[in-house]
Amino acid sequence: MNPEIEKRRTFAIVSHPDAGKTTITEKFLWYGNVIREAGHVRAKSNRSYTVSDWMKIEQQRGISVSSSVLNFPFEGCQFNLVDTPGHQDFCEDTYRALTAVDAALVLIDSVNGVERQTIKLMEVCRMRHTPIITFINKMDLDGRNVLELLDEIENILQIKVVPFTLPIGVGKLFKGVYDIHDNTFHTFNKEEGKQEIIQMSGVDDPKLLEISGENWYNEFKEQYEMVTGAMDPFDRDRFLKGEMCPVFFGSAVNNFGVRQLLNAFAKLAPPPMVRETDVRSVHPDEPNFSAFVFKIQANMDPKHRDRTAFLRICSGSFTRGEKVYHCRSGREIRLAAPTAFLAKDKEVIDNAWAGDIVGINDPGLFHIGDTLTDGEKINFTGIPDFAPEYFARVTLLNPLKSKQMNKGLEQLSEEGATQLYQPLKSPVPIIGVVGELQFDVMQFRLSSEYGAEVQLDRIPAYGIRWVMGPETAVQSFVNEYAMDCMFDKDNRLVCLFPNEYRLNLATKNYETLTFSKTSLT
Ligand code: G4P
(Lines give C-alpha, C1' and ligand atoms only; values in the text may rest on other atoms or scores of the structure.)
Protein backbone atom coordinates (compact mmCIF):
# COMPACT_ATOMS: atom_id res chain seq x y z
CA MET A 1 0.00 0.00 0.00
CA ASN A 2 1.13 3.55 -0.69
CA PRO A 3 2.88 4.65 2.52
CA GLU A 4 0.91 7.92 2.60
CA ILE A 5 -2.33 5.95 2.69
CA GLU A 6 -1.02 3.22 4.97
CA LYS A 7 -0.24 5.74 7.70
CA ARG A 8 -3.77 7.21 7.77
CA ARG A 9 -5.91 6.39 10.81
CA THR A 10 -9.40 7.82 10.66
CA PHE A 11 -11.55 7.40 13.72
CA ALA A 12 -14.33 8.88 15.83
CA ILE A 13 -15.07 8.90 19.53
CA VAL A 14 -18.25 7.24 20.70
CA SER A 15 -19.28 8.27 24.18
CA HIS A 16 -22.00 9.58 26.40
CA PRO A 17 -21.81 13.30 27.28
CA ASP A 18 -19.39 13.97 30.14
CA ALA A 19 -17.45 10.73 29.74
CA GLY A 20 -14.39 12.84 28.85
CA LYS A 21 -14.38 13.09 25.06
CA THR A 22 -13.25 16.71 24.97
CA THR A 23 -10.60 16.08 27.59
CA ILE A 24 -9.12 13.11 25.78
CA THR A 25 -9.25 14.93 22.43
CA GLU A 26 -7.20 17.69 23.98
CA LYS A 27 -4.59 15.18 25.12
CA PHE A 28 -4.50 13.60 21.65
CA LEU A 29 -3.80 17.01 20.14
CA TRP A 30 -1.07 17.57 22.67
CA TYR A 31 0.61 14.29 21.77
CA GLY A 32 0.25 15.28 18.11
CA ASN A 33 2.05 18.54 18.94
CA VAL A 34 -0.91 20.43 17.65
CA ILE A 35 -1.50 22.32 20.88
CA ARG A 36 1.24 23.35 23.19
CA GLU A 37 -0.49 22.95 26.53
CA ALA A 38 -2.31 19.89 27.73
CA GLY A 39 -3.73 21.73 30.67
CA HIS A 40 -7.03 20.76 32.19
CA VAL A 41 -10.19 21.24 30.25
CA ARG A 42 -11.46 24.76 30.37
CA ALA A 43 -15.04 25.55 31.25
CA LYS A 44 -17.26 24.48 28.40
CA SER A 45 -18.29 27.98 27.35
CA ASN A 46 -14.69 29.10 27.26
CA ARG A 47 -12.74 26.49 25.35
CA SER A 48 -10.63 28.34 22.90
CA TYR A 49 -10.05 25.31 20.73
CA THR A 50 -13.45 23.72 20.81
CA VAL A 51 -14.16 23.33 17.20
CA SER A 52 -17.84 23.20 17.19
CA ASP A 53 -18.80 26.65 18.30
CA TRP A 54 -19.23 27.99 14.83
CA MET A 55 -22.92 28.25 15.08
CA LYS A 56 -24.62 30.97 17.00
CA ILE A 57 -26.95 28.63 18.78
CA GLU A 58 -24.05 26.70 20.11
CA GLN A 59 -22.60 29.83 21.58
CA GLN A 60 -25.90 30.87 23.09
CA ARG A 61 -26.50 27.55 24.73
CA GLY A 62 -22.93 26.66 25.50
CA ILE A 63 -23.32 23.29 23.86
CA SER A 64 -21.68 21.70 20.93
CA VAL A 65 -23.97 20.68 18.11
CA SER A 66 -21.91 20.20 15.00
CA SER A 67 -19.18 17.74 14.30
CA SER A 68 -15.89 18.62 12.77
CA VAL A 69 -12.55 17.07 12.00
CA LEU A 70 -9.14 17.30 13.58
CA ASN A 71 -5.95 16.18 11.89
CA PHE A 72 -2.81 15.35 13.86
CA PRO A 73 0.34 13.27 13.45
CA PHE A 74 1.49 10.67 15.98
CA GLU A 75 4.24 8.04 15.84
CA GLY A 76 4.49 8.08 12.07
CA CYS A 77 0.73 7.92 11.60
CA GLN A 78 -1.53 10.68 10.37
CA PHE A 79 -4.74 10.73 12.40
CA ASN A 80 -8.06 12.14 11.31
CA LEU A 81 -10.32 12.41 14.32
CA VAL A 82 -13.88 13.00 13.30
CA ASP A 83 -15.27 14.89 16.24
CA THR A 84 -18.89 14.28 17.08
CA PRO A 85 -21.49 16.45 18.79
CA GLY A 86 -21.64 16.06 22.52
CA HIS A 87 -25.35 16.63 22.87
CA GLN A 88 -27.48 13.56 22.39
CA ASP A 89 -30.08 15.50 20.43
CA PHE A 90 -27.61 15.85 17.62
CA CYS A 91 -26.58 12.26 17.26
CA GLU A 92 -27.86 12.02 13.69
CA ASP A 93 -24.73 13.96 12.85
CA THR A 94 -22.73 11.50 14.89
CA TYR A 95 -24.32 8.54 13.12
CA ARG A 96 -23.16 9.97 9.81
CA ALA A 97 -19.69 10.74 11.11
CA LEU A 98 -19.40 7.05 11.87
CA THR A 99 -19.87 6.22 8.20
CA ALA A 100 -16.71 8.18 7.40
CA VAL A 101 -14.32 6.46 9.81
CA ASP A 102 -12.34 3.22 9.80
CA ALA A 103 -12.37 2.70 13.57
CA ALA A 104 -13.94 4.10 16.72
CA LEU A 105 -12.83 4.80 20.24
CA VAL A 106 -15.50 3.91 22.76
CA LEU A 107 -15.03 6.02 25.85
CA ILE A 108 -16.64 4.81 29.05
CA ASP A 109 -16.89 6.58 32.37
CA SER A 110 -15.72 4.14 35.07
CA VAL A 111 -18.33 5.49 37.48
CA ASN A 112 -21.34 5.39 35.18
CA GLY A 113 -20.49 2.39 33.02
CA VAL A 114 -22.19 1.93 29.67
CA GLU A 115 -24.65 4.78 29.11
CA ARG A 116 -27.57 5.39 26.79
CA GLN A 117 -25.93 7.31 23.98
CA THR A 118 -23.03 4.90 23.78
CA ILE A 119 -25.49 2.05 23.30
CA LYS A 120 -27.21 3.89 20.44
CA LEU A 121 -23.99 4.81 18.71
CA MET A 122 -22.60 1.32 19.09
CA GLU A 123 -25.60 0.06 17.11
CA VAL A 124 -24.28 2.04 14.14
CA CYS A 125 -20.76 0.67 14.65
CA ARG A 126 -22.14 -2.85 14.78
CA MET A 127 -24.15 -2.32 11.63
CA ARG A 128 -20.96 -1.23 9.86
CA HIS A 129 -18.63 -3.74 11.60
CA THR A 130 -16.42 -0.86 12.72
CA PRO A 131 -13.32 -1.93 14.69
CA ILE A 132 -13.56 -0.60 18.24
CA ILE A 133 -10.99 0.21 20.93
CA THR A 134 -12.38 0.93 24.40
CA PHE A 135 -10.96 3.30 26.99
CA ILE A 136 -12.36 3.19 30.52
CA ASN A 137 -11.85 6.69 31.82
CA LYS A 138 -11.84 8.40 35.22
CA MET A 139 -10.00 5.63 37.07
CA ASP A 140 -8.98 8.29 39.59
CA LEU A 141 -12.57 8.29 40.81
CA ASP A 142 -14.26 5.61 42.87
CA GLY A 143 -15.58 3.75 39.88
CA ARG A 144 -17.28 0.44 39.43
CA ASN A 145 -15.67 -2.97 39.80
CA VAL A 146 -13.45 -3.76 36.80
CA LEU A 147 -14.89 -7.17 36.00
CA GLU A 148 -18.40 -5.80 36.33
CA LEU A 149 -17.56 -3.04 33.84
CA LEU A 150 -16.05 -5.49 31.38
CA ASP A 151 -19.08 -7.70 31.72
CA GLU A 152 -21.37 -4.78 31.08
CA ILE A 153 -19.50 -3.82 27.90
CA GLU A 154 -19.68 -7.39 26.61
CA ASN A 155 -23.34 -7.81 27.36
CA ILE A 156 -24.78 -4.43 26.58
CA LEU A 157 -22.55 -3.44 23.70
CA GLN A 158 -22.42 -7.01 22.42
CA ILE A 159 -18.71 -7.13 21.75
CA LYS A 160 -16.01 -9.43 23.16
CA VAL A 161 -13.60 -7.52 25.38
CA VAL A 162 -9.87 -8.14 25.69
CA PRO A 163 -8.19 -5.98 28.35
CA PHE A 164 -4.72 -4.90 27.24
CA THR A 165 -4.11 -3.21 30.58
CA LEU A 166 -5.58 -3.75 34.03
CA PRO A 167 -5.82 -1.14 36.78
CA ILE A 168 -4.48 -1.64 40.27
CA GLY A 169 -6.43 0.25 42.90
CA VAL A 170 -9.14 2.77 42.23
CA GLY A 171 -10.13 6.33 43.13
CA LYS A 172 -7.76 8.00 45.58
CA LEU A 173 -5.91 4.70 45.84
CA PHE A 174 -5.48 4.22 42.09
CA LYS A 175 -1.88 3.01 41.73
CA GLY A 176 -1.63 2.66 37.97
CA VAL A 177 -2.13 0.13 35.21
CA TYR A 178 -0.41 -3.13 34.41
CA ASP A 179 0.26 -3.76 30.72
CA ILE A 180 -0.59 -7.41 30.14
CA HIS A 181 1.38 -7.65 26.91
CA ASP A 182 4.76 -6.26 27.88
CA ASN A 183 4.56 -6.78 31.67
CA THR A 184 5.20 -3.15 32.50
CA PHE A 185 3.56 -1.27 35.32
CA HIS A 186 2.65 2.39 34.67
CA THR A 187 2.47 4.28 37.92
CA PHE A 188 -0.17 6.90 38.56
CA ASN A 189 0.74 9.88 40.69
CA LYS A 190 -1.90 12.57 40.57
CA GLU A 191 -0.12 15.07 42.81
CA GLU A 192 3.21 15.09 41.04
CA GLY A 193 1.75 14.27 37.63
CA LYS A 194 4.79 12.02 37.07
CA GLN A 195 4.48 8.68 35.40
CA GLU A 196 7.00 5.91 35.74
CA ILE A 197 7.10 2.79 33.64
CA ILE A 198 8.51 -0.15 35.57
CA GLN A 199 9.47 -3.37 33.83
CA MET A 200 8.21 -6.40 35.77
CA SER A 201 9.29 -9.99 35.29
CA GLY A 202 5.60 -10.92 35.37
CA VAL A 203 2.58 -10.49 37.63
CA ASP A 204 4.40 -12.38 40.38
CA ASP A 205 7.22 -9.85 40.50
CA PRO A 206 7.62 -8.82 44.18
CA LYS A 207 8.01 -5.18 43.08
CA LEU A 208 4.40 -5.21 41.93
CA LEU A 209 3.16 -6.44 45.32
CA GLU A 210 5.28 -3.83 47.05
CA ILE A 211 3.91 -0.95 44.96
CA SER A 212 0.32 -2.14 45.08
CA GLY A 213 -0.10 -3.19 48.68
CA GLU A 214 -1.50 -6.60 49.50
CA ASN A 215 -5.22 -5.93 49.13
CA TRP A 216 -5.05 -4.22 45.78
CA TYR A 217 -2.50 -6.72 44.54
CA ASN A 218 -4.74 -9.66 45.43
CA GLU A 219 -7.70 -8.09 43.71
CA PHE A 220 -5.60 -7.35 40.63
CA LYS A 221 -4.22 -10.90 40.58
CA GLU A 222 -7.70 -12.33 40.67
CA GLN A 223 -8.76 -10.09 37.78
CA TYR A 224 -5.62 -10.92 35.85
CA GLU A 225 -6.25 -14.64 36.18
CA MET A 226 -9.83 -14.22 35.14
CA VAL A 227 -8.88 -12.10 32.12
CA THR A 228 -6.00 -14.25 30.91
CA GLY A 229 -7.62 -17.57 31.81
CA ALA A 230 -11.29 -17.24 30.98
CA MET A 231 -11.46 -14.63 28.23
CA ASP A 232 -10.74 -15.24 24.55
CA PRO A 233 -7.26 -14.06 23.51
CA PHE A 234 -6.96 -11.08 21.18
CA ASP A 235 -7.64 -11.96 17.57
CA ARG A 236 -6.90 -9.19 15.05
CA ASP A 237 -9.35 -10.55 12.48
CA ARG A 238 -12.17 -10.48 14.97
CA PHE A 239 -11.11 -6.97 15.99
CA LEU A 240 -11.17 -5.82 12.36
CA LYS A 241 -14.67 -7.29 11.97
CA GLY A 242 -15.85 -5.32 14.98
CA GLU A 243 -16.45 -8.46 17.06
CA MET A 244 -13.72 -8.00 19.64
CA CYS A 245 -12.26 -4.89 21.27
CA PRO A 246 -9.06 -4.17 23.19
CA VAL A 247 -9.73 -2.36 26.47
CA PHE A 248 -7.49 0.22 28.18
CA PHE A 249 -7.88 1.94 31.53
CA GLY A 250 -6.79 5.44 32.47
CA SER A 251 -7.64 8.97 33.38
CA ALA A 252 -7.90 11.48 30.56
CA VAL A 253 -7.83 14.58 32.73
CA ASN A 254 -4.58 13.38 34.32
CA ASN A 255 -3.18 12.40 30.93
CA PHE A 256 -2.79 8.86 32.18
CA GLY A 257 -3.09 5.90 29.82
CA VAL A 258 -3.70 8.19 26.84
CA ARG A 259 -0.37 7.55 25.13
CA GLN A 260 -0.88 3.79 25.44
CA LEU A 261 -4.26 4.23 23.84
CA LEU A 262 -2.92 6.30 20.94
CA ASN A 263 -0.16 3.75 20.42
CA ALA A 264 -2.80 1.07 20.21
CA PHE A 265 -4.65 3.07 17.59
CA ALA A 266 -1.48 3.53 15.58
CA LYS A 267 -0.67 -0.20 15.78
CA LEU A 268 -4.06 -1.89 15.71
CA ALA A 269 -6.55 0.37 13.98
CA PRO A 270 -6.67 -0.30 10.27
CA PRO A 271 -5.53 2.05 7.53
CA PRO A 272 -8.27 3.02 5.05
CA MET A 273 -10.23 -0.05 4.03
CA VAL A 274 -12.04 -1.22 0.91
CA ARG A 275 -15.39 0.52 0.44
CA GLU A 276 -18.41 -0.62 -1.52
CA THR A 277 -20.18 1.21 -4.32
CA ASP A 278 -23.23 0.33 -6.40
CA VAL A 279 -20.89 -0.88 -9.15
CA ARG A 280 -17.77 -2.37 -7.56
CA SER A 281 -15.52 -2.37 -4.50
CA VAL A 282 -13.07 0.51 -4.30
CA HIS A 283 -9.61 -0.16 -2.91
CA PRO A 284 -7.92 2.77 -1.12
CA ASP A 285 -4.69 2.14 -3.01
CA GLU A 286 -6.24 2.65 -6.46
CA PRO A 287 -4.60 5.57 -8.22
CA ASN A 288 -7.97 7.10 -9.10
CA PHE A 289 -9.50 9.58 -6.71
CA SER A 290 -12.87 8.85 -5.12
CA ALA A 291 -14.66 10.35 -2.13
CA PHE A 292 -18.11 10.83 -0.65
CA VAL A 293 -19.82 13.65 1.20
CA PHE A 294 -20.81 12.66 4.73
CA LYS A 295 -21.59 16.03 6.22
CA ILE A 296 -22.63 19.47 5.14
CA GLN A 297 -22.09 22.35 7.49
CA ALA A 298 -23.70 25.68 6.78
CA ASN A 299 -22.72 29.14 7.80
CA MET A 300 -19.52 28.50 9.67
CA ASP A 301 -18.75 32.07 8.77
CA PRO A 302 -21.95 34.07 9.14
CA LYS A 303 -20.51 36.90 7.07
CA HIS A 304 -20.31 34.70 4.02
CA ARG A 305 -23.25 32.38 4.51
CA ASP A 306 -21.12 29.64 3.04
CA ARG A 307 -21.59 25.91 3.26
CA THR A 308 -18.80 23.41 3.69
CA ALA A 309 -19.11 19.84 2.48
CA PHE A 310 -16.97 17.31 4.32
CA LEU A 311 -15.47 14.63 2.11
CA ARG A 312 -14.11 11.30 3.10
CA ILE A 313 -11.50 10.32 0.54
CA CYS A 314 -11.82 6.62 -0.24
CA SER A 315 -9.15 6.06 -2.88
CA GLY A 316 -6.18 7.74 -4.48
CA SER A 317 -5.25 11.30 -3.75
CA PHE A 318 -5.99 14.71 -5.08
CA THR A 319 -4.18 17.94 -5.50
CA ARG A 320 -5.60 21.35 -4.91
CA GLY A 321 -7.17 22.86 -7.99
CA GLU A 322 -7.85 19.49 -9.63
CA LYS A 323 -11.14 18.87 -11.35
CA VAL A 324 -13.35 16.06 -10.07
CA TYR A 325 -16.55 14.48 -11.33
CA HIS A 326 -19.72 14.90 -9.30
CA CYS A 327 -21.52 11.64 -10.00
CA ARG A 328 -25.10 12.65 -9.16
CA SER A 329 -25.21 15.73 -11.37
CA GLY A 330 -22.69 14.54 -13.94
CA ARG A 331 -20.85 17.85 -13.59
CA GLU A 332 -17.13 18.51 -13.38
CA ILE A 333 -16.09 20.72 -10.51
CA ARG A 334 -12.81 22.21 -9.44
CA LEU A 335 -11.70 21.67 -5.86
CA ALA A 336 -10.22 25.11 -5.49
CA ALA A 337 -9.48 25.41 -1.80
CA PRO A 338 -9.82 22.13 0.05
CA THR A 339 -9.28 22.60 3.74
CA ALA A 340 -8.10 20.55 6.65
CA PHE A 341 -9.39 21.47 10.05
CA LEU A 342 -7.95 22.41 13.31
CA ALA A 343 -10.15 24.13 15.77
CA LYS A 344 -11.48 27.32 14.24
CA ASP A 345 -8.62 27.58 11.83
CA LYS A 346 -9.16 26.20 8.42
CA GLU A 347 -5.95 25.48 6.67
CA VAL A 348 -5.91 25.24 2.91
CA ILE A 349 -4.17 22.04 1.93
CA ASP A 350 -2.41 21.06 -1.26
CA ASN A 351 -2.70 17.28 -1.16
CA ALA A 352 -4.95 14.78 0.50
CA TRP A 353 -4.95 11.00 0.47
CA ALA A 354 -7.36 8.13 0.93
CA GLY A 355 -8.43 8.14 4.57
CA ASP A 356 -8.29 11.91 4.88
CA ILE A 357 -11.25 14.07 5.57
CA VAL A 358 -11.28 17.47 3.96
CA GLY A 359 -13.73 20.30 3.69
CA ILE A 360 -14.61 21.93 0.41
CA ASN A 361 -16.72 24.93 -0.35
CA ASP A 362 -20.24 23.90 -1.30
CA PRO A 363 -21.96 26.21 -3.76
CA GLY A 364 -25.24 24.45 -2.94
CA LEU A 365 -24.43 21.47 -5.15
CA PHE A 366 -23.80 18.71 -2.66
CA HIS A 367 -26.09 16.31 -0.86
CA ILE A 368 -25.05 13.96 1.90
CA GLY A 369 -23.96 10.70 0.32
CA ASP A 370 -22.80 12.26 -2.99
CA THR A 371 -19.83 10.59 -4.65
CA LEU A 372 -16.93 12.40 -6.33
CA THR A 373 -14.48 10.65 -8.64
CA ASP A 374 -11.93 11.16 -11.40
CA GLY A 375 -14.65 10.49 -13.95
CA GLU A 376 -16.05 7.06 -13.15
CA LYS A 377 -19.78 6.93 -12.46
CA ILE A 378 -20.14 5.10 -9.15
CA ASN A 379 -21.96 5.74 -5.89
CA PHE A 380 -20.68 4.79 -2.49
CA THR A 381 -23.27 2.80 -0.59
CA GLY A 382 -23.83 2.46 3.13
CA ILE A 383 -24.44 6.12 3.98
CA PRO A 384 -27.95 5.77 5.28
CA ASP A 385 -30.52 8.12 6.70
CA PHE A 386 -31.48 7.06 10.19
CA ALA A 387 -35.03 7.01 11.51
CA PRO A 388 -35.70 10.22 13.41
CA GLU A 389 -37.61 10.00 16.65
CA TYR A 390 -39.52 13.28 16.90
CA PHE A 391 -41.83 14.77 14.30
CA ALA A 392 -43.50 18.10 13.68
CA ARG A 393 -45.71 19.77 11.06
CA VAL A 394 -44.20 22.97 9.75
CA THR A 395 -46.61 25.88 9.42
CA LEU A 396 -45.41 29.12 7.91
CA LEU A 397 -46.50 32.16 9.89
CA ASN A 398 -46.01 34.69 7.09
CA PRO A 399 -47.44 33.24 3.86
CA LEU A 400 -45.33 35.61 1.74
CA LYS A 401 -42.20 33.79 2.80
CA SER A 402 -43.07 30.37 1.43
CA LYS A 403 -40.20 30.39 -1.06
CA GLN A 404 -37.73 31.18 1.72
CA MET A 405 -39.18 28.50 3.98
CA ASN A 406 -39.02 25.83 1.29
CA LYS A 407 -35.44 26.74 0.46
CA GLY A 408 -34.52 26.67 4.15
CA LEU A 409 -36.24 23.34 4.78
CA GLU A 410 -34.58 21.83 1.77
CA GLN A 411 -31.10 23.10 2.58
CA LEU A 412 -31.29 22.18 6.23
CA SER A 413 -32.39 18.68 5.33
CA GLU A 414 -29.53 18.42 2.82
CA GLU A 415 -27.21 19.16 5.72
CA GLY A 416 -28.72 16.11 7.36
CA ALA A 417 -29.61 17.61 10.73
CA THR A 418 -33.32 17.24 10.04
CA GLN A 419 -35.24 15.09 7.66
CA LEU A 420 -37.94 16.52 5.46
CA TYR A 421 -41.03 14.57 4.42
CA GLN A 422 -43.90 15.29 2.11
CA PRO A 423 -47.09 13.55 3.22
CA LEU A 424 -49.12 11.85 0.50
CA LYS A 425 -52.35 13.40 1.64
CA SER A 426 -51.36 16.86 2.81
CA PRO A 427 -49.37 19.79 1.43
CA VAL A 428 -47.97 20.66 4.88
CA PRO A 429 -44.39 19.34 5.19
CA ILE A 430 -43.29 17.27 8.16
CA ILE A 431 -39.84 17.31 9.65
CA GLY A 432 -38.24 14.59 11.70
CA VAL A 433 -35.31 14.92 14.08
CA VAL A 434 -33.31 12.58 16.27
CA GLY A 435 -33.34 14.91 19.29
CA GLU A 436 -35.90 17.49 20.32
CA LEU A 437 -33.38 20.31 20.60
CA GLN A 438 -33.02 20.16 16.84
CA PHE A 439 -36.52 21.62 16.52
CA ASP A 440 -35.23 24.75 18.26
CA VAL A 441 -32.17 24.85 16.03
CA MET A 442 -34.35 24.44 12.96
CA GLN A 443 -36.80 27.17 13.97
CA PHE A 444 -33.94 29.49 14.88
CA ARG A 445 -32.07 28.93 11.65
CA LEU A 446 -35.16 29.21 9.43
CA SER A 447 -35.80 32.57 10.96
CA SER A 448 -32.26 33.93 11.20
CA GLU A 449 -30.84 32.56 7.95
CA TYR A 450 -33.88 32.40 5.68
CA GLY A 451 -36.22 34.98 7.20
CA ALA A 452 -39.05 32.47 7.56
CA GLU A 453 -40.92 32.36 10.86
CA VAL A 454 -42.51 28.97 11.34
CA GLN A 455 -44.60 27.20 13.91
CA LEU A 456 -43.74 23.59 14.61
CA ASP A 457 -46.64 21.43 15.78
CA ARG A 458 -45.44 18.24 17.33
CA ILE A 459 -46.94 15.00 16.07
CA PRO A 460 -47.13 12.24 18.63
CA ALA A 461 -45.92 9.19 16.75
CA TYR A 462 -44.31 5.86 17.52
CA GLY A 463 -41.73 5.89 14.75
CA ILE A 464 -40.95 6.06 11.11
CA ARG A 465 -39.96 3.19 8.83
CA TRP A 466 -38.74 3.05 5.25
CA VAL A 467 -41.09 0.72 3.38
CA MET A 468 -39.50 -1.51 0.78
CA GLY A 469 -40.60 -4.56 -1.17
CA PRO A 470 -42.46 -5.80 -4.26
CA GLU A 471 -44.43 -3.10 -6.05
CA THR A 472 -47.88 -4.67 -5.74
CA ALA A 473 -47.48 -5.14 -1.98
CA VAL A 474 -46.20 -1.56 -1.63
CA GLN A 475 -49.23 -0.29 -3.57
CA SER A 476 -51.75 -2.09 -1.40
CA PHE A 477 -49.90 -0.94 1.71
CA VAL A 478 -50.06 2.66 0.47
CA ASN A 479 -53.81 2.29 -0.16
CA GLU A 480 -54.42 1.11 3.37
CA TYR A 481 -51.98 3.41 5.18
CA ALA A 482 -52.28 6.49 2.94
CA MET A 483 -52.83 8.89 5.83
CA ASP A 484 -49.51 7.85 7.42
CA CYS A 485 -47.44 7.59 4.25
CA MET A 486 -44.93 10.21 3.15
CA PHE A 487 -41.99 10.59 0.78
CA ASP A 488 -38.51 11.43 2.01
CA LYS A 489 -36.13 13.84 0.27
CA ASP A 490 -35.07 11.16 -2.20
CA ASN A 491 -38.68 10.20 -2.94
CA ARG A 492 -38.52 6.99 -0.97
CA LEU A 493 -41.66 5.77 0.73
CA VAL A 494 -41.79 6.06 4.52
CA CYS A 495 -44.60 5.43 6.95
CA LEU A 496 -45.06 7.36 10.18
CA PHE A 497 -46.67 4.86 12.52
CA PRO A 498 -48.82 6.45 15.24
CA ASN A 499 -48.26 3.53 17.63
CA GLU A 500 -46.46 0.24 18.00
CA TYR A 501 -49.65 -1.70 17.42
CA ARG A 502 -50.05 -0.28 13.90
CA LEU A 503 -46.45 -1.13 13.07
CA ASN A 504 -46.82 -4.69 14.35
CA LEU A 505 -50.02 -5.09 12.40
CA ALA A 506 -48.40 -3.84 9.20
CA THR A 507 -45.43 -6.16 9.72
CA LYS A 508 -47.81 -9.08 10.18
CA ASN A 509 -50.14 -8.26 7.29
CA TYR A 510 -47.45 -7.32 4.78
CA GLU A 511 -44.92 -10.11 5.15
CA THR A 512 -43.19 -9.37 1.86
CA LEU A 513 -42.40 -5.79 2.87
CA THR A 514 -39.55 -4.63 5.04
CA PHE A 515 -40.05 -1.80 7.51
CA SER A 516 -36.54 -0.51 8.02
CA LYS A 517 -35.16 1.90 10.60
CA THR A 518 -32.57 3.12 8.10
CA SER A 519 -32.90 4.01 4.45
CA LEU A 520 -30.64 1.10 3.50
CA THR A 521 -32.15 -2.17 2.39
P1 G4P B 1 -17.39 15.29 27.19
O2 G4P B 1 -16.62 16.06 26.16
O3 G4P B 1 -17.42 13.81 26.93
O4 G4P B 1 -18.74 15.83 27.48
O5 G4P B 1 -16.58 15.36 28.56
P6 G4P B 1 -15.48 16.39 29.05
O7 G4P B 1 -14.18 16.09 28.44
O8 G4P B 1 -16.02 17.76 28.96
O9 G4P B 1 -15.38 15.93 30.57
C10 G4P B 1 -16.49 16.00 31.44
C11 G4P B 1 -15.99 16.22 32.83
O12 G4P B 1 -15.24 15.09 33.25
C13 G4P B 1 -15.06 17.43 32.96
O14 G4P B 1 -15.27 18.02 34.24
C15 G4P B 1 -13.69 16.79 32.92
O16 G4P B 1 -12.70 17.57 33.57
C17 G4P B 1 -13.96 15.51 33.69
N18 G4P B 1 -12.99 14.45 33.40
C19 G4P B 1 -12.51 14.02 32.21
N20 G4P B 1 -11.64 13.02 32.37
C21 G4P B 1 -11.55 12.79 33.70
C22 G4P B 1 -10.79 11.88 34.50
O23 G4P B 1 -10.02 11.06 34.04
N24 G4P B 1 -10.98 11.97 35.86
C25 G4P B 1 -11.82 12.88 36.43
N26 G4P B 1 -11.91 12.88 37.75
N27 G4P B 1 -12.54 13.75 35.69
C28 G4P B 1 -12.41 13.71 34.36
P29 G4P B 1 -16.20 19.27 34.44
O30 G4P B 1 -16.16 19.57 35.88
O31 G4P B 1 -17.52 19.05 33.81
O32 G4P B 1 -15.49 20.37 33.56
P33 G4P B 1 -14.18 21.24 33.87
O34 G4P B 1 -14.64 22.24 34.87
O35 G4P B 1 -13.14 20.29 34.38
O36 G4P B 1 -13.86 21.81 32.54
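A compact table of results
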read-out: Two-site label geometry, residue 361 and residue 192: point separation in nm, points 7 Å out along Cα→Cβ; value: 5.5 nm
read-out: The chain, accessible surface, carbon-and-sulfur percent (1.4 angstrom probe); value: 48 percent
read-out: Pairwise label distance in nanometres, residue 306 with residue 336, each label 7 Å out on the Cα-Cβ vector; value: 0.9 nm
read-out: Sequence ranges 154-162, 417-425, ranked by mean other-Cβ count within 10 angstrom, highest first; value: 417-425, 154-162
read-out: Linear extension gain, residue 458 paired with residue 235, 0.36 nm per residue minus alpha-carbon span; value: 75.4 nm
read-out: Over 26 Å (Cα to Cα) - which of 160/221; 295/377; 7/175; 21/323; 207/267; 7/489 fall in this group; value: 7/175; 21/323; 207/267; 7/489
read-out: The chain - convex hull of alpha carbons, volume per residue in Å³; value: 159 Å³
read-out: Distance in nm between pseudo-label sites at residue 476 and residue 322 (7 Å out along the Cβ direction from Cα); value: 5.3 nm
read-out: Contour minus Cα-Cα distance for residue 505 and residue 119 (0.36 nm per residue); value: 136.2 nm
read-out: Efficiency of FRET from Cβ geometry, residue 222 and residue 201, R₀ 25 Å, rounded to 0.05; value: 0.80
read-out: Largest to smallest accessible area among 405, 273 [probe 1.4 Å]; value: 273, 405
read-out: Calculated [θ] (222 nm, deg cm²/dmol) that DSSP helices of n ≥ 4 give over the chain, each run adding -39,500 (n - 2.57); value: -8000 deg cm²/dmol
read-out: Reach of residue 190 by Cα under 12 Å, taken over aspartates and glutamates that are not fewer than 8 positions away in the same chain; value: 140
read-out: Average accessible surface area per residue within the chain, 1.4 Å rolling probe, Å²; value: 43 Å²
read-out: Computed accessible area, residue 1, all protein chains, 1.4 angstrom probe, square angstrom; value: 90 Å²
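The values are calculated or read from the model by the stated rules, or taken from the named source; none is laboratory data. None of these values were measured; they are calculated from a predicted model. Glycine also receives a Cβ, built like all others from the backbone with ideal geometry; neighbour counts cover every protein chain displayed. All accessible areas refer to the heavy atoms of the entire protein, side chains included, with ligands and DNA or RNA removed. Shrake-Rupley method; radii C 1.70, N 1.55, O 1.52, S 1.80 Å.
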